[in-house]
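The values are calculated or read from the model by the stated rules, or taken from the named source; none is laboratory data. Because the structure is predicted, anything quoted here is derived from the model rather than measured. In this analysis, Cβ positions are derived from the backbone assuming ideal geometry, glycine residues included, and neighbour counts consider all displayed protein chains. When the accessible area is computed, the model is the full protein with side chains, heavy atoms only, and any ligands, DNA or RNA have been set aside. Shrake-Rupley method; radii C 1.70, N 1.55, O 1.52, S 1.80 Å.
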Amino acid sequence: MRPCCDLSFLLVLASPIFALCLMMPLTSHSQELSMDELFAMSLDELVNISVVTVSKRSELLTDAPGIVTVITAAHIKTYGARNIKDVLLRIPNFYMFDSSTFNATGSSLRAGATQHLNNHILYLINGRPLRESQNGGLHTDINLLFPIEAIERIEVIRGPGSVLYGSNAFNGTINFITKSADKKLQASVNNRTGSHGYGMNSVAIGSHFSNSGQVMLRVNTLDEDGARITGIDDQSTSGAMNLARKGQMAMLTGTFKGFSLQSIVSEITLPSISGPFRWTGLSQFEVKREFLDVSYQYDLNPQWQAALHYTLNQHERFITGPRDSEFFSDGYLYEAVINGEINDDIQLLLGAVVDHIQGDLGETRGGKYKTQHQNMYAQLDYQLNEATKISAGLQWNRPEDQASDTSPRLALIHRFNERWTSKFLYSQAFRSPYGSEIGFVSSFLQGDPDLKPEKIKTLEAQALYGYDNLAMSASYYHSKTSDTIGRSRIDNTTYFVNQDDEITFDGIELEARWAINSAWHLQGNASVQMNEDANDNEDIMIASQSMLKLGISYTSGRGYSASIWNSYFSDVSKIEDQPNSVAIVVNPAADAYNLLSINLDANLGKLLGRPKWQPLDVSLYVDNLFDEEVWFPELGQKSVNTYPQSHARGVYANIKYSF
């Protein structure tokens, strides 16, 4: 079995880059925008920012055939965060949760989580898919280690995206778009220290050479003692553990003429419980990732472009404890894309993907698996007139040894005037079962080789308003899922199953941003959702029925800002109330809670009137100010009602020096 690359591989690969950068003259400027520049952008510019995720090409957010939220570098800098998890908790209708097995990876968007993984929301890094073939969505390292300073913006599509992205783009797609080097030499060092023995260090160095290309290398390390969590397991035994986590990540991105390269190598070690939720199963997890994407884009002519991609997703998980085991996945895909204008009113996108899914569950857990998926997709955009656009897309997908299927998307976008725009959308998506769902074998969890892909159909309508200092949107969605892949507890064993009943979802999502004046900004979102199965059982999905997330910030012309953000989550539906549930009620209920954070940010040079200190930025971030205790249903084995969540109150200081 080939092991994942460690960080030494990428550092050796990158050593010529450091040598090249060190030979270049230093500049005191970097790509980082000053606070004044970040907020000089008008609200209208922020709302109408161009997005690239929905159609795999640049278009205005208001013209994109999807429901999109954009989180900018300005938002992250103003409201603060330690990691990706903190940032994503602010998006509409979303929550990230822990289980006894996996930490900071379970994700629910529009109440879509059926397991304690993130296989209903596709992660992209600069447009390329980040998923592992064993479970489809183990993102602990990304959510806790990925350098937030590297983010230019995050584009979040709520709703199905399989038409262009295939499996996992079920309830949503999240694209992390990173900053590129734009100076001959730029570098920064960053240290974040805080409660529970938290320490995060990062170094970034990059270079932009003439007009031919750029390269950026970032290295992060994490070392924390961790907050202490306590709970009662399925044997009614009380236990506790510290969420001590250590990890490192290196990310290399670069472009040269038509070529682009991006690579992530990471490893993280953390405590977890292997098998059933029993404190006697307390183990140490070590998770390694190697992500590599090599792409080439060629301009056929001024109107048409072609691109070729090779994407590798390699993932390895070691478990040391009562049940030592090792899991390995080694998936890769090839993709060809052509995109262009037929005439001034019609744009066409065509693509084809061959996705190889393979790995090893271990000799005692099901052994090796290997399969292949083939996909072809197309999207046609037609500008009917100056105010109206029609978009139609279709993906044909064929998993190996299964019947082929299609996923369509239709959109009608109409701009009434410079202030009001409407969108009417219909889309379908699918998710094929992964290696562990098909082949896992143990006394506590059983896969099913006959699992069918799960499917979703969604109708959406959105109204957008943007003018002067105010922007708002209101969205309604109606979804129906079938053959949902979930877990069922039978005779003390958990089985992967296709659920027989269709599940219907209805929800409303509101977003708003208001520039009260040049210094004060208010923004937030609210959502409410309802779901039921074919037997009229309500709240069948495990999620909060309503969420309210609000932030207010003050930005001074003297180089500092202050902000407050609060996220309210209502009571979560009870796992013990689900049909055929065997979960025992031993822990506190998943009641409503608030997560209130405060962030103070300053540039010392501008604040103190010392130009030589201008490369120095400091911030203070306080998370969960009221130290709310949070519990969420245990979606791993579904043997107990809830599991404690990692939201302990913390204070974190950050200092950054840019060269």
Please list, ordered by chain and number, the residues whose modelled amide H lies under 5 Å from the amide H of residue 146; skip anything fewer than 5 residues away on the same chain.
84
Kirkwood hydrodynamic radius for the stretch 406-472: how many Å is it when counted over pairs of different Cα atoms?
15.6 Å
Across 20 Å bins from the origin, how do the percents of Cα pairs in the chain run, short distances first?
19, 56, 25, 1
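What fraction of the Cα pairs in the stretch 268-344, stated in percent, has a spacing above 13 angstrom? List each step's numbers first, then the result.
Numbers: 2175 of 2926 pairs.
Beyond 13 Å sits 74 percent of the P(r) for the stretch 268-344.
Could you work out what % of the accessible surface of the stretch 582-659 is carbon and sulfur, using a 1.4 angstrom probe and leaving DNA, RNA and ligands out of the count? List each step's numbers first, then the result.
Details: 2010 of 3280 Å².
Exposed carbon and sulfur together represent 61 percent of the surface.
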At q = 0.17, 0.20 Å⁻¹, what is the log10 ratio I(q)/I(0) for the stretch 212-359, with the Debye formula run over Cα points and no solvent?
-1.03, -1.21
Step through the residues of the stretch 59-64 one at a time and calculate ³J(HN,Hα) from phi using the Karplus curve (6.51 cos²θ - 1.76 cosθ + 1.60, θ = phi - 60°), rounding each to whole Hz and writing x for Gly and Pro.
7, 5, 3, 5, 9, 6
With just the Cα atoms of the stretch 101-147, tell me how far they stretch along each of the three principal axes, in Å, largest first.
26, 22, 20
Rank 543, 332, 151 by how far each Cα sits towards the positive end of the charge dipole of the chain (+1 on Lys, Arg Cβ; -1 on Asp, Glu Cβ) and give me just the farthest.
151
Rounded to the angstrom and largest first, Cα extents along the principal axes for the stretch 488-614 equal 69, 30, 25
Bin width 5 Å, alpha-carbon pairs only: give the P(r) of the stretch 182-248 as whole percents, running from 0 to the bin holding the largest distance.
4, 14, 15, 12, 11, 10, 9, 7, 6, 4, 3, 3, 1, 0
Of the candidates 603, 52, 642, the farthest towards the positive dipole end of the chain (Lys/Arg Cβ +1, Asp/Glu Cβ -1, centred on the Cα centre) is 603
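Taking only protein heavy atoms and a 1.4 Å probe, what accessible area per residue, in Å², does the stretch 77-198 have with all protein chains in place? Walk me through the numbers before you get to the answer.
Values: 1660 Å² over 122 residues.
So the stretch 77-198 comes to 14 Å² accessible per residue, rounded to a whole number.
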Projected area, mean over directions - the stretch 73-113, Cα convex hull, nm²
3.2 nm²
In sequence order, calculated HN-Hα J values of the stretch 635-647 (Karplus, 6.51, -1.76, 1.60; Hz; x Gly/Pro)
8, x, 9, 6, 9, 10, 6, 9, 9, x, 9, 8, 10
The stretch 542-648: radius of gyration over Cα atoms, expressed as a fraction of 2.2 N^0.38 Å:
1.57
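At a threshold of 8 angstrom on Cα-Cα distance, excluding pairs fewer than six apart, so keeping six or more, what relative contact order does the chain reach in percent?
Values: 1901 pairs, mean separation 83.6, N = 659.
RCO, the chain: 13 percent.
Could you order peptides 295-301, 266-272 by the average number of other Cβ atoms within 10 Å of their residues, highest first?
Values: 295-301: 12.9, 266-272: 21.4.
So the order, starting with the most tightly packed, is 266-272, 295-301.
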Per-residue ³J(HN,Hα) for the stretch 74-82, Karplus 6.51 cos²θ - 1.76 cosθ + 1.60, θ = phi - 60°, Hz, x for Gly and Pro
4, 4, 5, 5, 6, 9, x, 4, 8
Taking all pairs of distinct Cα atoms, average 1/r, flip it, and tell me the Kirkwood hydrodynamic radius of the stretch 53-133 in Å to one decimal place.
14.5 Å
Percent of beta bridges antiparallel (DSSP, the chain, rounded to nearest 5):
95 percent
Given the peptides 219-225, 133-139, arrange them by the average over their residues of other C-beta atoms within 10 Å, most packed first.
133-139, 219-225
